[in-house]
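Sharing a structure here in structure tokens format.
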Amino acid sequence: MPELQLSEAVAASSSRRGFLARAGRLLLGVASGGFVAAALRSQKAEAYHFCGHIYTTGSCPHPVGLPRIDRNGFPLRAVDGKAVDDLGRPIDALGRPVDAEGELWLDPDGNPLPSAPRTRVCSAAGREFGFGPRVDGAWYRCCGGRVRKLVDCCGFVRNRINGDAALTGYCYRGRKVFCVMYYDTKIKC
Amino acid sequence: MVGTVRAARHDGRWAFALTAAAFASGLALGASVVFVGLGLLGAWAHTRALVVAAVAIAAAAILSDASGLRVRPQIPFQVPERWRRRMPLPRALLLYGVLLGTGLTTFVPASAAWALPALSLALGDVPGSFAIALGFATGRALPVLVLAVGAEETVLAERPHGLRVLRLLTAASLLLALVAGEVRAADTVAVPGGDPSVAAADLAWQRPGVSGFLSRNGTVTPLPGSDPAIGGALVAWHVGPAVTVAARDTLGPVLQQTLPGVQKLAVSDRWLVWRAGPEIRVLPLSDPTRSARVAEAKRVAELGRPALDGDLVVYHRASAAGSWLAAVDVATGKRHRLRFARDALLLNPSLLGTSLLYVRASRCSQQLRLGPLGSGKERVLYRLPPLASQDRGHERHHTSQGERLPCPHRPKPTTRTLWTTALSATTAYVTVLRPSRGGRTTPTLLAVPRQG
């Protein structure tokens, strides 16, 4: 947790380490909580096809549908946050397909069934639509009681995935938004 | 038309026979052009939607003919009447036959006539379409010729029950054809059974936890080992690390070799290939003391079961970065990448000559595909739904605007997985894995005709 590290860093210069660490943590918590709450109060409206999306750009192509990603941009199943491969199958940490209970699928010899490709959602969009994909910026909203990070998939494109003109959004250096994805954090809001 | 054919009887028996033959030939010619053309078109643009549409049209035709509904749509075009006055009768009847054979002219007596072009298009197969064409031509020619020989033209019009019975028969035939087509689409060879291997008329497979089996001329023989492979005049199996290569006809051993870690085998008259853990190896049967590595899987990649035809080994390599089918000429060491996919799973190839059979599992379907070894047009011989469902594309209480779904039609996913393959001159074999408890799977071996 960055807050904990920062508070401890503040306290590290003091001889009364325990007290200051707790006090620093409290101060940071109050300050950041107030900031997030204030930020979210004014930004909760105007949802589009998923919560937090405030403009009309369409979803990036995703193996399950809703463009939920993990922190590295790989696809997750929106309903439960489970990692999926490009075929939409739930997988384990090594990319091998698992059943609903999380058990590895095995072939008749008892070996795990082979892993299917797993592609970052923005990369898959770039490959499918022929542009150099890049994740530049993001914005945050409160969705379902958690902070959601909304991520633009950017490229040097004229048109976005919807087919009409692309906008700059949170893209930099001349890139424009092609499609959008989201990452659900565990931070309550 | 009956009257026109009957008119030839006035010129004698031979003239009548010539006229009747010309009419039947014209029908066959016209029907062949149309239906074979549709078959070729279907082969070029084969999609699941075509098959679904054809089956729907056929089902509607069966219902219509069985319940005696009016045949709709009807065709308002007539054959040119002047031909029979201006041309010799055989030539006129030949041309009438061509026009009627196309199905684009005159009264449509049964709704089944509309199902046949759709089925031909969906079939996407020239021999099958030709058979449909001949059936269509026969169906049109017989009533005309029979009535021309022995009855009045008005007999069907005066006895509508005759036409009713004909339509019932047509509906039954169409239903039978659909059912037979579905049954022929995939025959079960063995349950449980998988990992097929085929050479000439012999088929071998593995029954999990039991042993390999060999089927020859309808007789199934258990083999004294597991993971059987056949190729050329040989058959191979293993018991633990002890591998036996035997003559296919007598099962008499020609080579016994210990190969640590052996899991899967492939054999030809000159080579024995096996997969052991992360590598595939080969040894020449003429000198079994030296073996060589064919391929090795690094880190998280996985190598599939090897298949061998002559000197060429094919196998799949699958990883999270992509999957591909590779071929290695074990005589020269030359390597080829046959297929590659970044977003699909290519599995368990087998080959026969220049034909390649393999499984392609993508986001929206699983397919058993047959194509040339190099690049070229492929055909889907068998298909299963995808392995995962999709969500609605939008969250609850949100609009659908901007959503993007992976498959055009919401798929009904399956847990059955297409797996290992084998290819003969007439039949493609594929293992279907069915899930059981604890992530385990049970194999079923299916046979799918290469044509049709």
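The values are calculated or read from the model by the stated rules, or taken from the named source; none is laboratory data. This is a predicted model, so every value here is computed, not measured. Don't worry about glycine lacking a Cβ; one is built from the backbone with ideal geometry, like all the others, and counts go over all protein chains shown.
Here is a yes/no grid of residues against (1) acidic (Asp, Glu); (2) surrounded by fewer than 22 Cβ atoms within 10 Å (Cβ to Cβ); (3) within 12 Å of chain A (Cβ to nearest Cβ):
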{"residue": "B:Leu351", "(1), (2), (3)": "no, no, no"}
{"residue": "B:Tyr382", "(1), (2), (3)": "no, yes, no"}
{"residue": "B:Arg404", "(1), (2), (3)": "no, yes, yes"}
{"residue": "B:Gly439", "(1), (2), (3)": "no, yes, yes"}
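Do we have any residue at all in the range B:35-52 that's among the aliphatic types (A, V, I, L, M) and more than 21 Å from the chain's Cα centre (by Cα)?
Just the residues of the range B:35-52 that are among the aliphatic types (A, V, I, L, M), to begin with: B:36, B:38, B:40-41, B:43, B:45, B:49-52.
From the residues that got through so far, the ones that are more than 21 Å from the chain's Cα centre (by Cα) too are none.
No: zero hits.
Follow-up. Would you check if there is a residue in the range B:70-85 being at pLDDT below 80, part of a helix (DSSP H, G or I), over 20 Å from B:Thr19 (Cα atoms) and not assigned by TED's automatic domain parsing to the domain that holds B:Arg379?
Within the range B:70-85 (the criterion being at pLDDT below 80, part of a helix (DSSP H, G or I), over 20 Å from B:Thr19 (Cα atoms) and not assigned by TED's automatic domain parsing to the domain that holds B:Arg379), the answer is no, since none of the residues qualifies.
Before we move on, is B:Thr426 within 12 Å of chain A (Cβ to nearest Cβ) and over 30 Å from A:Asp152 (Cα atoms)?
The answer is no for B:Thr426.
Suppose we keep only residues that are in contact with a strand residue (DSSP E or B) (Cβ under 6 Å, 6 or more places away or on another chain), without any contact (Cβ under 8 Å) to a residue 60 or more places away in the chain and more than 14 Å from A:Thr57 (Cβ to Cβ) within the range A:146-178. Which one would you say is nearest to the other protein chains (Cβ to nearest Cβ)?
Checking each candidate, the answer is A:Arg146.
Within the range B:184-238, can you find the residues that are within 14 Å of chain A (Cβ to nearest Cβ), over 16 Å from B:Trp419 (Cβ atoms) and loosely packed, with under 15 Cβ neighbours inside 10 Å?
Result: B:Gly209, B:Val210.
Could you please give the count of residues in the range B:267-280 that are crowded, with 20+ Cβ neighbours inside 10 Å and closer than 18 Å to B:Lys334 by Cβ?
First pass over the range B:267-280, keeping only residues crowded, with 20+ Cβ neighbours inside 10 Å: B:267-268, B:271-275, B:280.
Restricting the remaining residues to those that are closer than 18 Å to B:Lys334 by Cβ gives B:268, B:271, B:273, B:280.
Residues meeting the conditions: 4.
Quick check on my filter: what residues within the range B:406-422 are buried (at least 20 other Cβ atoms within 10 Å of the Cβ) and under 14 Å from B:Thr444 (Cα atoms)?
B:Thr417, B:Leu418, B:Trp419, B:Thr420, B:Thr421, B:Ala422
Let me spell it out: the conditions are (1) in a strand (DSSP E or B); (2) without any contact (Cβ under 8 Å) to a residue 60 or more places away in the chain, and B:Lys264 meets all of them except one. Which number is the exception?
Of everything listed in (1) in a strand (DSSP E or B); (2) without any contact (Cβ under 8 Å) to a residue 60 or more places away in the chain, B:Lys264 misses just condition (2).
Out of the residues in the range A:73-99 that are within 15 Å of A:Arg148 (Cα to Cα) and facing chain B (nearest Cβ under 7 Å), state the one that is surrounded by the fewest Cβ atoms within 10 Å (Cβ to Cβ).
Step by step, filter the range A:73-99, then rank; the result is A:Val79.
Also, quick follow-up: Condition first: surrounded by fewer than 17 Cβ atoms within 10 Å (Cβ to Cβ), at the interface with another protein chain (Cβ under 7 Å from one of its Cβ atoms) and within 28 Å of A:Lys176 (Cα to Cα). Can you find one or more residues in the range A:59-72 that meet it? Walk me through it before giving the result.
Let us first name the residues in the range A:59-72 that are surrounded by fewer than 17 Cβ atoms within 10 Å (Cβ to Cβ), namely A:70-72.
Then drop every residue that is not at the interface with another protein chain (Cβ under 7 Å from one of its Cβ atoms), which leaves none.
Looking through the range A:59-72, none of the residues is surrounded by fewer than 17 Cβ atoms within 10 Å (Cβ to Cβ), at the interface with another protein chain (Cβ under 7 Å from one of its Cβ atoms) and within 28 Å of A:Lys176 (Cα to Cα).
Determine whether B:Ala61 is assigned to a helix (DSSP H, G or I) and closer than 25 Å to B:Ala171 by Cα.
Answer is yes for this residue.
Considering B:Ser25, B:Ser32, which residue is more than 30 Å from B:Val380 (Cα to Cα), among the small types (Gly, Ala, Ser) and touching a residue at least 12 places away in the same chain (Cβ under 8 Å)?
Exactly one residue qualifies, and that residue is B:Ser25.
Is at least one residue of the range A:128-140 over 19 Å from the mean Cα position of the chain (by Cα) and within 13 Å of another protein chain (Cβ to nearest Cβ)?
There is at least one residue in the range A:128-140 that is over 19 Å from the mean Cα position of the chain (by Cα) and within 13 Å of another protein chain (Cβ to nearest Cβ).
Continuing with this model, one more query. So, in the range B:237-254, how many residues would count as being farther than 24 Å from A:Asn111 by Cβ and either acidic (Asp, Glu) or in contact with a Pro (Cβ under 6 Å, 6 or more places away or on another chain) (or both)?
Final tally of qualifying residues: 2.
If you don't mind, another one. Could you say which residue among A:Leu87, A:Leu106, A:Leu113, A:Leu94 is more than 18 Å from the chain's Cα centre (by Cα) and at pLDDT 95 or above?
A:Leu87
Turning to a different aspect of this structure: Check off (1) more than 8 Å from chain B (Cβ to nearest Cβ); (2) free of Cβ contacts under 8 Å to residues at least 24 places away in the same chain; (3) among the basic types (Lys, Arg) for A:Arg120 and give me the number that stays unchecked.
(2)
Quick check on my filter: what residues within the range B:301-325 are away from every other protein chain (no Cβ under 14 Å), surrounded by fewer than 23 Cβ atoms within 10 Å (Cβ to Cβ) and either hydrophobic (A, V, I, L, M, F, W, C) or over 26 Å from the mean Cα position of the chain (by Cα) (or both)? Give the steps one after another, and end with the answer.
Taking the range B:301-325 and keeping what is away from every other protein chain (no Cβ under 14 Å), we get B:306-314.
From what's left, surrounded by fewer than 23 Cβ atoms within 10 Å (Cβ to Cβ): B:309-312.
Correct list: B:Asp311, B:Leu312.
Continuing with this model, one more query. State whether one or more residues within the range B:408-416 are among the hydroxyl-bearing types (Ser, Thr, Tyr) and in the same structural domain as B:Asp311 (by TED's automatic domain parsing). Spell out how you get there, then give the answer.
Narrowing the range B:408-416 to residues among the hydroxyl-bearing types (Ser, Thr, Tyr): B:414-415.
Adding the requirement that they be in the same structural domain as B:Asp311 (by TED's automatic domain parsing) leaves B:414-415.
Yes, there is a match, as at least one residue in the range B:408-416 is among the hydroxyl-bearing types (Ser, Thr, Tyr) and in the same structural domain as B:Asp311 (by TED's automatic domain parsing).
Report yes if B:Gly252 is surrounded by 21 or more Cβ atoms within 10 Å (Cβ to Cβ), at negative phi and in contact with a strand residue (DSSP E or B) (Cβ under 8 Å, 6 or more places away or on another chain), otherwise no.
no
For the structure I just gave you, tell me whether B:Val262 is farther than 23 Å from B:Leu433 by Cα and crowded, with 16+ Cβ neighbours inside 10 Å.
Details: farther than 23 Å from B:Leu433 by Cα: no; crowded, with 16+ Cβ neighbours inside 10 Å: yes.
Spelling it out, it is not the case that B:Val262 is farther than 23 Å from B:Leu433 by Cα and crowded, with 16+ Cβ neighbours inside 10 Å.
Restricting to the range B:59-95, give me the number of residues that are closer than 15 Å to B:Gly30 by Cβ and free of Cβ contacts under 8 Å to residues at least 24 places away in the same chain.
The total comes to 2.
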